[in-house]
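To keep things clear, I will list the structure first and then write my remarks on it.
The values are calculated or read from the model by the stated rules, or taken from the named source; none is laboratory data. Everything numeric here is computed off the predicted structure, so don't read it as measured data. Quick reminder, even Gly has a Cβ in these numbers, built from the backbone with ideal geometry, and neighbours come from all protein chains shown. What goes into the accessible areas is simple: the full protein's heavy atoms, side chains included, and nothing from ligands, DNA or RNA. Shrake-Rupley method; radii C 1.70, N 1.55, O 1.52, S 1.80 Å.
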Amino acid sequence: MVFSYFTKLSPAQKRVYRTSDEINEVPLPDGEALRPLIPSLATALEQEDRDRTGEICKALVMGLTSRLNVPPLRVRILAVRPSADWGELHGLYEQTGGRASAVITLWMRTAKHRRIVAFRSFLRTLLHELCHHLDYHLYNLPDSYHTEGFYKRESSLFHQLVPGEEKMRK
Ligand SMILES: [Zn+2]
């Protein structure tokens, strides 16, 4: 399956898309060691502790980037998600010029009801933005597309950090 925007891509972009679509997993060496961070992150988010949430996200992202051998990333945690007619922004991945690390921005509260973002969706967003980083730095793709493979890679990381979730859903 390809997403509808595929038809609008140039032949070179289609090749990037197909490469992205074919990678379904991100094997994470020693992912178990990162699992204790997950309940701490859930608690920090629930308690609306922005500093603690940021610290744990940084530790998690550092653990992931070092295990996957990609350049480090910075993480920014902000309060309320930006929104407009297109919906609301969940997370953002920004590449930076020069030597500065790329940045992931996450928001703790939804725009609509200003509620704390559900933990599962917060963690998924973090991993989603990290997957953009992996497209550029692990797979050396010139662009990072939302392909089916991309979403599978996001899920693959999620299930390695939160084991058992998959079984529960079946
Ligand atoms: Zn994205």
Yes or no: region 93-107 includes at least one residue that is closer than 28 Å to Pro36 by Cβ, among the hydrophobic types (A, V, I, L, M, F, W, C), more than 14 Å from the chain's Cα centre (by Cα) and surrounded by fewer than 19 Cβ atoms within 10 Å (Cβ to Cβ).
no
Could you say whether any residue in region 61-70 is of a type outside the set (S, T, N, Q), open to solvent by 50 Å² or more (accessible area, probe 1.4 Å) and touching a Pro at 6+ places or on another chain (Cβ under 9 Å)?
yes
So, Leu123, is that one of a type outside the set (Ser, Thr, Tyr), within 16 Å of the ligand (Cβ to nearest atom), buried (at least 17 other Cβ atoms within 10 Å of the Cβ) and closer than 17 Å to Arg67 by Cα or not?
no
Can you list the strands (runs of 3 or more DSSP E) lying wholly within region 52-137 that have 3 or more residues being farther than 16 Å from Ala42 by Cβ and touching a residue at least 60 places away in the same chain (Cβ under 8 Å)?
none
Can you spot a residue in region 97-120 that is within 15 Å of the ligand (Cβ to nearest atom) and not aliphatic (A, V, I, L, M)?
yes
Would you point out which residue out of Phe150, Phe158 is within 15 Å of the ligand (Cβ to nearest atom), more than 25 Å from Pro39 (Cβ to Cβ), in a helix (DSSP H, G or I) and at pLDDT 95 or above?
Phe150
Among the candidates Val75, Val70, Val80, Val2, which residue alone is touching a strand residue (DSSP E or B) at 6+ places or on another chain (Cβ under 6 Å), away from the ligand (no atom under 16 Å from the Cβ) and either modelled with pLDDT of 95 or more or over 18 Å from His128 (Cβ atoms) (or both)?
Val80
